[in-house]
Amino acid sequence: MSDKTMSAEEAVSRLESGMTLGIGGWGSRRKPMALVRALLRSEVTDLTVVSYGGPDVGMLAAAGRIRRLVAAFATLDSIPLEPHYRAARERGTLELTEVDEAMFLWGLRAAAHRLPFLPVRAGLGSDVMRVNPGLRTVTSPYEDGETFVAMPALRLDAALVHVNRADRLGNGQYLGPDPYFDDLFCEAADTAYVSCERVVDTAELTKEAPPQSLLIKRHTVTGVVEAPNGAHFTSCAPDYGRDEAFQKRYATTPWAQFSARYLAGDEQAYRSAVGEDS
């Protein structure tokens with residue numbers, strides 16, 4: 001067993017243009033924003049991004065880093081539609097594969113199990129099949145003869161997720177009310193980088209919460225990044241809630257202006273700028 005800790009910059013340095021990148025979290029909740037900001041400081045581009053989308057998608061789309069997006073939605077939760085994602089769609093600057101939330105989940109599960117697809121009822125009788133003409137259906141070989149959508153595996157070259165706690169070996173723990181699907185993102189990826197609020201000793205992981213909170217297993221993790229407040233401005237319950245005031249500033253500020261103010265420097269510069277403007 002080895003120490004997998006690294007900096008956000010070291011993690012991003014292992015990513016390459018053209019990759020399929022999964023980003024964990026949900027909407028504007030527990031997104032790996034410190035890693036996303038590090039990615040924006042790199043030259044990596046032409047990405048296929050797979051995400052239950054939030055500001056991760058919005059920022060990468062605004063910066064022109066996304067070639068194709070696979071998503072069930074792109075929202076800021078308290079702001080229903082991610083504004084920079086909407087602008088990118090209106091400009092036609094990215095391709096979109098839009099699927100049902102359950103289809104997305106089964107695509108991750110198929111990839112995690114290294115299966116080419118999994119059958120799912122979600123999507124039948126909807127426009128999902130019309131807007132995704134490449135999707136196929138399968139018929140049960142048993143007596144029921146039921147028809148299902150054959151949701152293809154969402155295989156990832158790399159995944160970025162954020163959790164509350166992690167150890168140096170790559171075990172990751174959530175302490176909030178919802179695990180989302182961060183474990184599946186890691187299992188569906190060839191490499192996975194986990195940022196956390198705090199790196200702790202392995203023995204400490206079961207002192208704050210029960211063993212079932214150990215969402216992410218070390219064998220699926222390539223690197224661990226300690227990033228206090230690393231989900232900001234999204235929420236990371238119970239450590240902190242969403243920064244609604246800053247999220248509103250993000251949503252209403254032209255991208256060039258926002259980027260120049262908050263993303264031109266390193267993570268410390270970001271934190272300083274946020275603190276000055278709070």
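Please find, within region 232-269, the residue that is surrounded by the fewest Cβ atoms within 10 Å (Cβ to Cβ) out of those that are touching a residue at least 40 places away in the same chain (Cβ under 8 Å) and either in contact with a Phe, Trp or Tyr (Cβ under 8 Å, 6 or more places away or on another chain) or on the phi > 0 side of the Ramachandran plot (or both).
Among residues in region 232-269 that are touching a residue at least 40 places away in the same chain (Cβ under 8 Å) and either in contact with a Phe, Trp or Tyr (Cβ under 8 Å, 6 or more places away or on another chain) or on the phi > 0 side of the Ramachandran plot (or both), the one surrounded by the fewest Cβ atoms within 10 Å (Cβ to Cβ) is Leu263.
What are the pairs, 6+ residues apart or on separate chains, where a residue within region 148-176 that is under 16 Å from Cys186 (Cα atoms) has its Cβ under 7 Å from a residue that is among the charged types (D, E, K, R) and buried (at least 24 other Cβ atoms within 10 Å of the Cβ)?
That search, which allows pairs on different chains as well, returns Val161/Asp182; His162/Arg30; His162/Lys31; Val163/Asp182.
Which one of the conditions (1) within 25 Å of Asp266 (Cβ to Cβ); (2) part of a loop (DSSP other than H, G, I, E, B); (3) of a type outside the set (Ser, Thr, Tyr); (4) in contact with an Asp or Glu (Cβ under 9 Å, 6 or more places away or on another chain) does Leu21 fail to meet, given that it meets all the rest?
Just one mismatch for Leu21, condition (2).
So Ala203 clears everything in (1) on the phi > 0 side of the Ramachandran plot; (2) in a helix (DSSP H, G or I) except one condition, right? Which one?
The failed condition is (1).
If the requirement is being closer than 28 Å to Asn229 by Cβ, over 12 Å from the mean Cα position of the chain (by Cα) and either buried (at least 23 other Cβ atoms within 10 Å of the Cβ) or at pLDDT 95 or above (or both), which of these qualifies: Val163, Val199?
The unique qualifying residue is Val199.
All but one of (1) part of a strand (DSSP E or B); (2) closer than 25 Å to Ala8 by Cα; (3) out of contact with any helix residue (DSSP H, G or I) (no Cβ under 9 Å at 6 or more places or on another chain) hold for Glu43; state the number of the condition that does not hold.
Here Glu43 meets the rest and fails (1).
Regarding Thr5, is this residue modelled with pLDDT of 95 or more, farther than 25 Å from Phe246 by Cβ and of a type in the set (Ser, Thr, Tyr)?
Judged against the criteria, Thr5 is a match.
Looking at Ser51, Ser7, Ser2, which is the one that is closer than 22 Å to Glu197 by Cα and out of contact with any strand residue (DSSP E or B) (no Cβ under 7 Å at 6 or more places or on another chain)?
Ser2
Give me the pairs, please: first residue somewhere in region 179-197 and among the charged types (D, E, K, R) and outside any strand (DSSP E or B), second residue anywhere and at pLDDT 95 or above and surrounded by fewer than 24 Cβ atoms within 10 Å (Cβ to Cβ), beta-carbon distance under 6 Å, and either six or more positions apart or on two chains.
As it stands, the answer is Glu187/Ala112; Glu187/Thr220, since those pairs meet every condition given.
Give just the number: which of (1) assigned to a helix (DSSP H, G or I); (2) under 20 Å from the mean Cα position of the chain (by Cα) does His232 not satisfy?
Exception for His232: condition (1).
Just wondering, is there one or more residues in region 215-228 that are over 21 Å from Ala8 (Cβ atoms) and either modelled with pLDDT under 95 or not in a helix (DSSP H, G or I) (or both)? Before the answer, list the steps.
First pass over region 215-228, keeping only residues over 21 Å from Ala8 (Cβ atoms): 217, 219.
Those still in the list that are either modelled with pLDDT under 95 or not in a helix (DSSP H, G or I) (or both) too: 217.
Looking through region 215-228, at least one residue is over 21 Å from Ala8 (Cβ atoms) and either modelled with pLDDT under 95 or not in a helix (DSSP H, G or I) (or both).
The values are calculated or read from the model by the stated rules, or taken from the named source; none is laboratory data. It should be emphasised that the depicted structure is a prediction, and the values quoted were computed from it without experimental measurement. When we count neighbours, we look across all protein chains shown, and the Cβ atoms used for this are built from the backbone with ideal geometry, even at glycine.
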